[in-house]
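Report on one structure; see the data block that follows.
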């Protein structure tokens with residue numbers, strides 16, 4: 001009997017907690033219910049609303065979620081992306097003086113969704129190191145397609161390699 005009471009209480013608590021995720025913290029608009037239903041199934045809505053991006057950014061992020069098993073119709077996908085892009089656009093940020101090169105645009109667009117560029121410039125690493133960093137960021141929600149990942153990694157590895165050994169002109173591999 002005690003176990004039944006405990007399990008009933010646990011189920012009621014879970015139901016009440018889930019019923020609180022009705023999207024009341026989200027702005028009104030077409031797509032709000034879909035964001036609440038689909039995104040809040042895995043993420044706290046605060047995490048969803050903390051990300052800021054263009055329609056393309058949000059589209060890439062939803063693409064990433066779909067590749068991880070999110071099942072949406074094309075109409076639901078479009079509605080969610082449009083809602084998020086309208087209500088959570090990118091913040092206007094000052095452009096940091098990053099070196100020119102292939103992939104700079106992606107680093108500027110993708111990395112600044114969560115970091116200022118000083119954080120990028122403070123790090124260095126081999127191509128393998130940067131691949132690990134980018135894969136970790138993807139696991140946290142970085143919206144990037146595989147071909148974009150490769151461009152980001154190549155740019156970072158070329159422009160932010162490990163420091164060279166004293167008296168040497170080649171970078172030192174990270175241990």
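The values are calculated or read from the model by the stated rules, or taken from the named source; none is laboratory data. Model, not experiment: these values are computed from the prediction. Positions of Cβ are generated from backbone atoms using ideal geometry, with glycine treated the same way; all protein chains shown enter the neighbour counts.
Quick notes on this one:
- All of (1) at pLDDT below 85; (2) surrounded by 14 or more Cβ atoms within 10 Å (Cβ to Cβ); (3) within 11 Å of the chain's Cα centre (by Cα); (4) assigned to a helix (DSSP H, G or I) hold for residue 62 with one exception: (1).
- Among the residues of the stretch 16-33, the ones that are touching a helix residue (DSSP H, G or I) at 6+ places or on another chain (Cβ under 6 Å) and either in a helix (DSSP H, G or I) or modelled with pLDDT under 80 (or both) come to 2 in all.
- Here residue 86 fulfils each of the conditions (1) modelled with pLDDT under 95; (2) buried (at least 17 other Cβ atoms within 10 Å of the Cβ); (3) under 24 Å from residue 32 (Cα atoms) apart from (2).
- Among the residues listed as 36, 13, 49, the single one being more than 17 Å from the chain's Cα centre (by Cα), part of a helix (DSSP H, G or I) and either in the same structural domain as residue 138 (by TED's automatic domain parsing) or at pLDDT below 90 (or both): 13
- Search result, residues across the stretch 66-85 that are free of Cβ contacts under 8 Å to residues at least 12 places away in the same chain and under 14 Å from the mean Cα position of the chain (by Cα): 66, 67, 68
- Any hit, the stretch 120-132, residues being closer than 26 Å to residue 55 by Cβ and surrounded by fewer than 18 Cβ atoms within 10 Å (Cβ to Cβ): no
- Residue that is nearest to residue 112 (Cα to Cα) [pool: residues in the stretch 31-58 that are surrounded by 17 or more Cβ atoms within 10 Å (Cβ to Cβ) and without any contact (Cβ under 8 Å) to a residue 24 or more places away in the chain]: 40
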